[in-house]
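The values are calculated or read from the model by the stated rules, or taken from the named source; none is laboratory data. Bear in mind the structure is a predicted one, so any value in this text is a computation, not a measurement. All Cβ positions, glycine included, derive from the backbone under ideal geometry; neighbour counts span all protein chains shown. Please note that ligands, DNA and RNA were not included when accessible areas were found on the heavy atoms of the full protein model with its side chains. Shrake-Rupley method; radii C 1.70, N 1.55, O 1.52, S 1.80 Å.
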Amino acid sequence: VLSSLPLQMLLYFNVYYFPVWCLAEGMILQLKYHLLPWHYQFLLVTAFLILSLAECSRLYLGYVGNLQQK
């Protein structure tokens with residue numbers, strides 16, 4: 001079974017950069033949250049949560065899939 005080393009390296013670095021992105025995006029969201037109308041507030045928080053969950057699942061499935069060749 002061969003796994004892709006470049007893909008594994010990209011996943012490895014992405015695991016460490018994702019919390020930095022999440023923290024920066026959360027801080028920016030907090031700064032501009034009170035300046036926006038309620039519907040934009042809802043859309044921003046919803047998009048942030050969906051993107052964060054999708055990225056977590058993508059990284060997990062990438063690790064598992066690359067190491068097991070699925």
Assess whether Phe13 counts as being of a type in the set (A, V, I, L, M, F, W, C), part of a helix (DSSP H, G or I) and open to solvent by 90 Å² or more (accessible area, probe 1.4 Å). yes
Checklist (1) open to solvent by less than 50 Å² (accessible area, probe 1.4 Å); (2) in contact with an Asp or Glu (Cβ under 9 Å, 6 or more places away or on another chain) applied to Trp21, failing item: (1)
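Residue-wise test of (1) more than 30 Å from Gln68 (Cβ to Cβ); (2) in contact (Cβ under 8 Å) with a residue 24 or more places away in the chain.
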| residue | (1), (2) |
| --- | --- |
| Val15 | no, yes |
| Trp21 | no, no |
| Glu25 | yes, no |
| Ile28 | yes, no |
| His39 | yes, no |
| Leu51 | no, no |
